[in-house]
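Q: Submitted below is the structure of interest, expressed as structure tokens.
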Amino acid sequence: MTSSTTPSAVPVSRRPAGRGNGGVLGREPAPGPVLAEVVRSGFVEGRHRGALVLLAADGTVELELGDPQAPVFPRSSNKPMQAAAVLRAGLELSGERLALAAASHSGEPFHLDLVRTMLAEYGLTADDLQTPPDLPLDPVEAEAYLAAGKERERITMNCSGKHTAMLAVCALNGWPRESYLDPGHPLQQLVLAVIEEAAGEHVPTVGTDGCGAPLMALSLTGLARAFRHFALAAPTTAEGRVAEAMRAHPEYVAGTRRPDTWLMREVPGTLSKMGAEAVQAVALADGRALAFKIEDGATRALGPVLARALQLLGVEAEVLGRIGRAPLLGGGVEVGAVRAAF
């Protein structure tokens, strides 16, 4: 469990991908409880179901809603573990560079400038990236990008910082770069080991993330444990270094208009990372942690559910009002909101 673990010492092989919800063969899970309601003009017009777990400071389960033991794909909430694996493999990153390696960046100019700098530092180009060409993740940035007459690029995809770090560590270790996204690649085997170690459970299913990287499934409880492990890690470990970089430079982890940034900026010691399909994981400085997933993947429910979960963990901060606000408009006027239902 130390940062001295090397790829050659990790005898972990890829597990077969499952089918169906949660990677469980032949079983349809029961619908989860309602975590958020969509209220328009005083009328509940929709509901978002899911699962959630809260951990106390000592790591014990404080609250479970739905089935947080069922496997889910954490999507980009796995990125801190992927960044720690790159450090364990020998790449020297710190500060903004390490935060960007754990990022789902918004595609703001300072994100793209640093990705280009990092590529050049390791003798790489944007053509080496195997991210799919994409627009900036942030809608404001995407509109400006298109207005400037630009086209989708690999470097603009929100995972380009992570992929740059992965390519750089391959170059450092003499590992093949063309297959760096293969689940059997030495780097991805190390990622798998780091994830299992931090979560305290085996990965039951390996899929493919939106950026093309291997995607390791976990239970929500395991994901919360992993974030707690990073938040409490010694600063000299790979996990502690990733946590410190994310806390110190949250705008590089997300962007200037993103809840992860607001939360890490305004609640000291917090580690926060959202993932696609409405996954969220957070750990506080004292070890309290949470993870949840909205079943239908609706990101509009993320903020209200996150703010309510943090309140139940005992967080009192003005930023929760900002994170939890999800208004609904009618004719350009606010007529309702998405609100937590637990």
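The values are calculated or read from the model by the stated rules, or taken from the named source; none is laboratory data. Source: prediction; values computed, not measured. Cβ atoms come from the backbone with ideal geometry, glycine included; neighbour counts cover every protein chain shown. We work out accessible area using only protein heavy atoms, side chains counted, and drop any ligands, DNA or RNA first. Shrake-Rupley method; radii C 1.70, N 1.55, O 1.52, S 1.80 Å.
Q: Name the residues in the stretch 254-313 that are in contact with a Lys or Arg (Cβ under 8 Å, 6 or more places away or on another chain), of a type in the set (A, V, I, L, M, F, W, C) and more than 30 Å from L112 (Cβ to Cβ), would you?
A: A289, L313
Q: Please enumerate the residues belonging to the stretch 320-340 that are surrounded by fewer than 18 Cβ atoms within 10 Å (Cβ to Cβ) and assigned to a helix (DSSP H, G or I).
A: G321, R322
Q: Need a quick list: helices (runs of 4 or more DSSP H) entirely within the stretch 94-205 having at least 2 residues that are of a type in the set (G, A, S) and open to solvent by 50 Å² or more (accessible area, probe 1.4 Å).
A: Hits in the stretch 94-205: 139-147.
Q: Looking at G255 and the list (1) outside any loop (DSSP other than H, G, I, E, B); (2) buried (at least 24 other Cβ atoms within 10 Å of the Cβ), which single condition is not satisfied?
A: Unmet condition: (1).
Q: Being at pLDDT 95 or above and open to solvent by less than 10 Å² (accessible area, probe 1.4 Å) is the requirement here; does G269 meet it?
A: Spelling it out, it is not the case that G269 is at pLDDT 95 or above and open to solvent by less than 10 Å² (accessible area, probe 1.4 Å).
Q: Find the residue count for the stretch 218-246, including only residues that are among the β-branched types (V, I, T) and over 16 Å from K273 (Cα atoms).
A: 2
Q: What are the pairs, 6+ residues apart or on separate chains, where a residue within the stretch 183-196 that is closer than 16 Å to S77 by Cα has its Cβ under 7 Å from a residue that is among the basic types (K, R) and open to solvent by 30 Å² or more (accessible area, probe 1.4 Å)?
A: Cβ pairs passing all conditions: none.
Q: Identify all residues within the stretch 52-67 that are part of a loop (DSSP other than H, G, I, E, B) and within 18 Å of G297 (Cβ to Cβ); write none if there are none.
A: Selection gives G66, D67.
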